[in-house]
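Step one of this worksheet: look at the structure below.
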Amino acid sequence: MQASFAQMGTPLSEVVFVVVDLETTGGAPGARAITEIGAVRVRGGAVESELSTLVNPGAVIPARITMLTGITNAMVAGAPGVRTCVEAFLSWADLLADDVVLVAHNARFDVGHLRGAAAALGLEWPEPRVLDTLALARKAWTRSEVPNHKLGTLAVFVGSQTRPTHRALDDARATVAVLH
């Protein structure tokens, strides 16, 4: 028997996709690793809002990470701490809502760092539904279509207006294009 539309759950046009990207110190997930959070809230293919903040990890950013991201210790010195930023992200993202899906490219990394920071800080992690655009891209496009499934490669392939720069908001915006 075919299900009715009402039985199929939230229509895709009403689902909220919270697309997130993090920059980190390169260390293990925890309270002293996140240096930047960028996120885009999308519903029905339209951007509803964006969140972007540098984060003071309370730890030194290694030179190799600064070379990759451009984020320096001086840039994060006056930024809010990890607790403040993770709490702000959780409030903004509203991950407990039934119609919200958390999205990241290589979600294991980004969600792992968010979950690790929440645990280290004694914050409740809501266990949202998660969609990984890396896993999705591997199923959607073969190596004959794209040479690899890196965010930068996929952003060019799908014609994203934003190119990933190893800065959180740019990478979240590029992930939105890959998701769409």
Any pair with Cβ under 6 angstrom, 6 or more apart, that starts in segment 15-43 at a residue that is of a type in the set (Gly, Ala, Ser) and at pLDDT 95 or above and ends at one that is open to solvent by 20 Å² or more (accessible area, probe 1.4 Å) and in a loop (DSSP other than H, G, I, E, B): 26/62; 33/27
Residue within segment 101-110 that is on the phi < 0 side of the Ramachandran plot and without any contact (Cβ under 8 Å) to a residue 40 or more places away in the chain present: yes
Which listed residue, of 130, 86, is in contact with a Leu (Cβ under 9 Å, 6 or more places away or on another chain), within 23 Å of residue 26 (Cβ to Cβ) and either in a loop (DSSP other than H, G, I, E, B) or open to solvent by 30 Å² or more (accessible area, probe 1.4 Å) (or both): 130
Test: residue in segment 71-78 that is part of a loop (DSSP other than H, G, I, E, B) and closer than 19 Å to residue 20 by Cα: yes
Check on residue 50, in contact with a Leu (Cβ under 7 Å, 6 or more places away or on another chain), in a strand (DSSP E or B), open to solvent by 30 Å² or more (accessible area, probe 1.4 Å) and among the acidic types (Asp, Glu): yes
Cβ-Cβ under 7 Å pairs, at least 6 apart or on other chains, segment 142-166 side closer than 23 Å to residue 45 by Cβ, far side among the polar types (S, T, N, Q) and outside any loop (DSSP other than H, G, I, E, B): 146/153; 151/175
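The values are calculated or read from the model by the stated rules, or taken from the named source; none is laboratory data. In this text, all values refer to a predicted model and were calculated from it rather than measured experimentally. Counting neighbours? That spans all protein chains shown, and the Cβs are built from the backbone with ideal geometry, glycine included. Ligands, DNA and RNA are stripped out before the accessible areas are found, and what is left, the full protein with its side chains, is counted by its heavy atoms. Shrake-Rupley method; radii C 1.70, N 1.55, O 1.52, S 1.80 Å.
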